[in-house]
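Participant: Submitted below is the structure of interest, expressed as structure tokens.
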Amino acid sequence: MLDYRVNTFLTLCEEMNYRRTANKLNMTQPGVTQHIHHLENYYGAKLFEYNGKTLTKTKNAEILKKFFDSVKAEETDILSSFTESDITHLTVGATKTIGEYVIVSEISQFLNDPNHSIDVVVDNTKVLLSMLEKSLLDFAIVEGVFDKSKYDYHLYKKESFVGICSKYHPFANNTVKLEELLNENLVVRESSSGTRALLENAISDRGFSFDSFKRYVSVSNFSVICDLIINNKFITFAYEPISKCREDLAVFTVKDMQIYGEFNFVYCNERTAKEKINLLFRA
């Protein structure tokens, strides 16, 4: 069992505020400070510092947090194994493209065994990584950009990131210049989406932003995004499997802008996570 002061440290990492941490743990603020000072003295390293009025984690704190998250995940797995059951249960997180369009067949195959059970949380990258840190997921499969220094991970696959429009749009099945896109209405995912970050970075590298387009809107629901595209009012960029979800959609490419995104398995404890990944993604 992790030392109670470690729980204080992890809660402060989450809240990044001493008062909120104290309230959440039903402690006094000096008590939180005392716990942090104990860990700093024990490890001989500064864990938090103020940048003006903003509390920030040091590099040492990031390293320690990653270690404690791993230990916490291992402990959760051990406690689960004490509950005797013939059922093998997984709790998996997946970003929206992956959860809705990529891993459905793997989930179906896993559930062919009557002794297998699974909960799949489909959400954006930010939410899933937060759940991982709280040991609420066995592992997550995320697309696009995330801070790889904070998590253990390995590559699942690479996928083409393409332009998607109505099959009646002039861009359909063509290659266009980036400048031609700027007269279009662009629909993108919400700000915490890894997919959006991937597109934003690619456009920024070429000296443009979403504001360079005629108009852009953000929508978190793929069904709504597809409706806007099919009505021939918007274009978007997404992973190629999405273009196959409706027959009225078509792809286009942008000259000199080939984008490939990574789908990664992300976890806090490598040993236990890989065992469970292998259960779902059997060779």
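Participant: Could you list all residues from region 143-185 that are more than 19 Å from Val219 (Cβ to Cβ) and assigned to a strand (DSSP E or B)?
Facilitator: Asp152, Tyr153, His154, Leu155, Tyr156, Lys157, Lys158, Glu159, Ser160, Thr175, Val176 - these are the residues of region 143-185 that are more than 19 Å from Val219 (Cβ to Cβ) and assigned to a strand (DSSP E or B).
Participant: Yes or no: region 95-107 includes at least one residue that is farther than 30 Å from Glu190 by Cβ and without any contact (Cβ under 8 Å) to a residue 40 or more places away in the chain.
Facilitator: Scanning region 95-107, I find no residue that is farther than 30 Å from Glu190 by Cβ and without any contact (Cβ under 8 Å) to a residue 40 or more places away in the chain, so the answer is no.
Participant: Right, here's the next one. Can you find a residue that is at pLDDT 90 or above and assigned to a strand (DSSP E or B) anywhere in region 93-115?
Facilitator: There is at least one residue in region 93-115 that is at pLDDT 90 or above and assigned to a strand (DSSP E or B).
Matching residues to (1) of a type in the set (Val, Ile, Thr); (2) farther than 30 Å from Lys72 by Cβ:
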residue: Glu179; (1), (2): no, yes
residue: Asn201; (1), (2): no, yes
residue: Phe210; (1), (2): no, yes
residue: Val217; (1), (2): yes, yes
residue: Ile229; (1), (2): yes, yes
residue: Ser243; (1), (2): no, yes
residue: Asp256; (1), (2): no, yes
residue: Arg271; (1), (2): no, no
residue: Ile277; (1), (2): yes, no
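Participant: I would also like to ask the following. Restrict the check to region 165-185 and report whether at least one residue is touching a residue at least 12 places away in the same chain (Cβ under 8 Å), closer than 19 Å to Ile98 by Cα and touching a strand residue (DSSP E or B) at 6+ places or on another chain (Cβ under 9 Å).
Facilitator: Taking every residue of region 165-185 in turn, none turns out to be touching a residue at least 12 places away in the same chain (Cβ under 8 Å), closer than 19 Å to Ile98 by Cα and touching a strand residue (DSSP E or B) at 6+ places or on another chain (Cβ under 9 Å).
Conditions tested, residue by residue: (1) free of Cβ contacts under 8 Å to residues at least 40 places away in the same chain; (2) farther than 25 Å from Leu129 by Cα; (3) of a type in the set (Gly, Ala, Ser).
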{"residue": "Arg19", "(1), (2), (3)": "yes, no, no"}
{"residue": "Ala22", "(1), (2), (3)": "yes, no, yes"}
{"residue": "Gln29", "(1), (2), (3)": "yes, yes, no"}
{"residue": "Ile36", "(1), (2), (3)": "yes, no, no"}
{"residue": "Leu39", "(1), (2), (3)": "yes, no, no"}
{"residue": "Gly44", "(1), (2), (3)": "yes, yes, yes"}
{"residue": "Thr58", "(1), (2), (3)": "yes, no, no"}
{"residue": "Ile63", "(1), (2), (3)": "yes, no, no"}
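Participant: Continuing with the same structure: State whether one or more residues within region 204-216 are surrounded by 12 or more Cβ atoms within 10 Å (Cβ to Cβ) and touching a residue at least 40 places away in the same chain (Cβ under 8 Å).
Facilitator: Yes, some residue in region 204-216 is surrounded by 12 or more Cβ atoms within 10 Å (Cβ to Cβ) and touching a residue at least 40 places away in the same chain (Cβ under 8 Å).
Participant: Looking only at region 188-225, filter to residues that are assigned to a loop (DSSP other than H, G, I, E, B) and among the aromatic types (Phe, Trp, Tyr); which one of those is farthest from the chain's Cα centre (by Cα)?
Facilitator: Phe213
The values are calculated or read from the model by the stated rules, or taken from the named source; none is laboratory data. Keep in mind that this is a model prediction, so the values were computed, not measured. Counting neighbours? That spans all protein chains shown, and the Cβs are built from the backbone with ideal geometry, glycine included.
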